1. I'm trying to understand the selection: among the residues of the stretch 176-197, which are assigned to a strand (DSSP E or B) and farther than 18 Å from E209 by Cβ?
2. Yes or no: T225 of a type outside the set (A, V, I, L, M), at pLDDT 90 or above and assigned to a strand (DSSP E or B)?
3. Only one of these is open to solvent by 60 Å² or more (accessible area, probe 1.4 Å), touching a residue at least 12 places away in the same chain (Cβ under 8 Å), touching a helix residue (DSSP H, G or I) at 6+ places or on another chain (Cβ under 6 Å) and not aromatic (F, W, Y): R74, R29. Name it.
4. Pick from the stretch 162-215 the residues that are acidic (D, E) and either in contact with a helix residue (DSSP H, G or I) (Cβ under 8 Å, 6 or more places away or on another chain) or within 19 Å of A240 (Cβ to Cβ) (or both): which of them is most open to solvent (accessible area, probe 1.4 Å)?
5. Given the conditions (1) in contact with a Leu (Cβ under 8 Å, 6 or more places away or on another chain); (2) open to solvent by 40 Å² or more (accessible area, probe 1.4 Å), and given that S38 satisfies all but one, which numbered condition is not satisfied?
6. Confirm whether I248 is more than 26 Å from F159 (Cβ to Cβ) and surrounded by 12 or more Cβ atoms within 10 Å (Cβ to Cβ).
Amino acid sequence: MSKQKTERLLSLVVCLLSSRRYLTAGQIREAVPGYPQSFEAFKRMFERDKDELRELGIPLETGTNAPDEEAGYRIPPQAYELPEIMLEPDEAAVLGLAAKVWQRAELAGAAAGGLLKLRAAGIEADETARPGIEPRLATEDAAFGPLWRAVRDRRPVAFGYRAAGRPAAQERHLEPWGVVNRHARWYVVGFDRDRGEERVFRLSRIEGEVTFTGPNGTVVVPAGTDVRKSVRDWDGAPPAMRTAELKIRSGAGFGLRRRAEPGTPGEAEAGWDLVRTSFSDVGWYADYIASFGDDVVVLEPVDLRESVIRKLKGVLA
């Protein structure tokens, strides 16, 4: 659902909840922003909105304020309100911790809004009540935001994707079905228009911007689709281990040194040490190496070196 439609439906619900009288279609058109100027276009859109509210379970009531008046609409507050929410202290604490999981702007608003509603109902769901527990689901991948919105709005997308072992990124066109986290890595599952079949893509391997290639509502998720199972099946085989040759500044990079293979060569030049380490995921390892800044230089392999350079250039940009 688009942001504009969501705001219009929300305004419509607030308007009909606030009124003690039945509001006619004309009155609703004047009071609720977002409807078109043409009355015929308004009627068609309003009919769709009424159907959507009823599908959502909102009790939209039709009636008249007097026998000779035009029929109108309202939402009875007593039928709309939820029963009182009763949560035990440990249940409220879990909800508070769940809200802390999401730190990225795309989801932080929804989490904060949920906590606000609980507190308004008199339920203390303090996300800081358990300082010893601090869960995180990192979403640093730049592709996360637009892909999450594409899944929500059912929109096809295009992006550059550098598959493992490929020297350059290739443009892919995808109808996204879901975004999944597995072992602290993010994946998008959907129908690959280029290959004509279901595919899984790791977000850390997406390069450049994710662009929308179609309108909302044009992606259909097949019945029975389990995107989590798709990712498990795709990521089930143990990854092949590779060797990286790094040049690390003396007195730095202790995390990388702990991963050094036995019999590492030792000093490369004055002030630098040559270290060989094992890794399996180029994207994750490039992020980790880049966090050391100019204290580490990747010598081999080439794809790891290029990935680290791209990430450092991105930070500078």
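The values are calculated or read from the model by the stated rules, or taken from the named source; none is laboratory data. Treat the numbers as computed from the prediction; the structure is a model and nothing was measured. A quick note on method: Cβ atoms are made from the backbone with ideal geometry, for glycine too, and the neighbour counts reach across all protein chains shown. We work out accessible area using only protein heavy atoms, side chains counted, and drop any ligands, DNA or RNA first. Shrake-Rupley method; radii C 1.70, N 1.55, O 1.52, S 1.80 Å.
1. Of everything in the stretch 176-197, those that are assigned to a strand (DSSP E or B) and farther than 18 Å from E209 by Cβ turn out to be W177, G178, V180, N181, R182, R185, Y187, V189, F191, D192, E197.
2. no
3. The unique qualifying residue is R29.
4. E209
5. It is condition (1) that S38 fails.
6. Yes, satisfied.
To keep it simple, each residue is scored yes or no on (1) under 27 Å from V220 (Cα atoms); (2) touching a His at 6+ places or on another chain (Cβ under 8 Å); (3) at pLDDT 90 or above; (4) surrounded by 12 or more Cβ atoms within 10 Å (Cβ to Cβ).
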site	(1), (2), (3), (4)
S2	yes, no, no, yes
L17	no, no, no, yes
R20	no, no, no, no
A25	no, no, yes, yes
E47	yes, no, yes, no
E55	yes, no, no, no
